[in-house]
1. Between E156 and D180, what is the FRET efficiency for a Förster distance of 25 Å, r being their Cβ-Cβ separation, to the nearest 0.05?
2. Step by step: find N for region 171-293, compute 2.2 N^0.38 Å, then divide the Cα radius of gyration by it. What's the final number?
3. If you take the beta carbon distance between K219 and K277 as r and set R0 to 22 Å, what does 1/(1 + (r/R0)^6) give as a FRET efficiency, to the nearest 0.05?
4. Report the residue, chosen from P179, P250, P113, that carries the largest GNM mean-square fluctuation when the chain is represented by alpha-carbon nodes joined by springs under 10 Å.
5. Return the long-range amide H neighbours of V172 (sequence gap of 5 or more, or a different chain), with a cut-off of under 5 Å between placed amide H atoms.
6. Please give the contour-minus-distance gain from N243 to A39: 0.36 nm per residue of separation, less the Cα-Cα distance, rounded to one decimal in nm.
7. Any idea what the relative contact order of region 177-280 is, in percent, if you count C-alpha pairs under 8 Å spaced at least 6 apart?
8. Please find the FRET efficiency linking Y30 to L296, where r is the Cβ-Cβ separation and R0 is fixed at 22 Å, and quote it to the nearest 0.05.
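Since every read-out is calculated from the coordinates, none of them should be taken as a lab result. Note that this is a predicted model, so its numbers are computed, not measured. Here the Cβ is made from the backbone with ideal geometry for all residues, glycine too, and neighbour counts use every protein chain on show.
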Amino acid sequence: MDDMENQSSSGIIKRHLLCVGNVSVDIKAYSAEDTSVEAYREGSIELVPGGVARGMAINLKHLGLDTAILSSVGKDIFGDYLRQELEKEKIDTTLLSTSTERRTALFSVMASPGNPAACIYCTNILREIILNDKTRRFIDDHKINTLVMDSNPEPETLKDFYELKKEKDMFVFQNATAPDIAAKSLKWAPLINLFGCNEFEASSILGEEAAPDLETADKFQKLGFRNFIITFGERGVMVRIGNETWNEPPYTPAMVVDTIGAGDAFASGFLMGFLAKKPIKRCIHYGLACAKETLLTRQTVSTILNAGFLESYPGTPENRQ
């Protein structure tokens, strides 16, 4: 890779990102009526594009980074819907394949007041995400130097990408994605430049309850993770970079419309600042602002996010670096 060609006038390396993982459709049902008994009940049903890789790709594009996506969709109306939406957002979909054998990944979520959301999903199609010759050529031709991966691909695919990371010295952000698959990348922890998870995924990895304290941070680091962010919902976020730890409260909106996508939004904002070598306090500010705005929409990605918006967002820690 030609470092001079990939450096800006400020000396910071230009980042060309490939987001690897889930592109799906979320079918979100909500009812304010009692759901403790089997019955028909009135509510709302929304169809929204989802998936960690998709959400991160679009968030990072909005924040000014060059992004492409590697995933697979079915030859169905959901796949067409997702492809069109990604192309509308100007995400490079060269590596978004269309399966002739499997259907587009779907998540069905049922929520009601006072009850945990129930989710049924079908993501078999994500087995088709592989690192093949086409992907390698794309990475070389587009000077991809940053991988943003979720944990949905098969272990063999993750292994291939981490071997590629060693070969090309690429920057890797790894998203834990969900508690049941959070530990899939644990064996490659020392190769991960930045790891992101929530408290439930962190607990799954540790095998015990995670807390926003130094004990949890130290245990995580002993597993091999050098730099990581753990979000704790209403308790805020904990960040460990090297030997330093930060704990920050959330930017809590007056009303939460939907929590889905907020964690990926935080990761996107933080990652934008981290790649630009901004002070960690500012990176956290970017992430918290992205998360807050995403909590205010039923969509998994807020349409108002951009780099300029974050710079002028209330609470910018100009005098707290």
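1. Working: r = 18 Å, r/R0 = 0.74.
Rounded to the nearest 0.05, the efficiency is 0.85.
2. On the way: Rg = 13.3 Å, N = 123, 2.2 N^0.38 = 13.7 Å.
Against the compact-globule rule of thumb, the ratio is 0.97.
3. Details: r = 28 Å, r/R0 = 1.26.
So, using R0 = 22 Å, E works out to roughly 0.20.
4. P113
5. Amide H to amide H, under 5 Å and 5 or more residues apart or across chains, V172 pairs with L147, N193, L194.
6. Numbers: separation 204, 0.36 × 204 = 73.44 nm, distance 5.36 nm.
Extending this stretch completely gives an extra 68.1 nm.
7. Values: 126 pairs, mean separation 21.3, N = 104.
The normalised contact order for region 177-280 reaches 21 percent.
8. On the way: r = 16 Å, r/R0 = 0.74.
That pair, Y30 with L296, gives E of 0.85.
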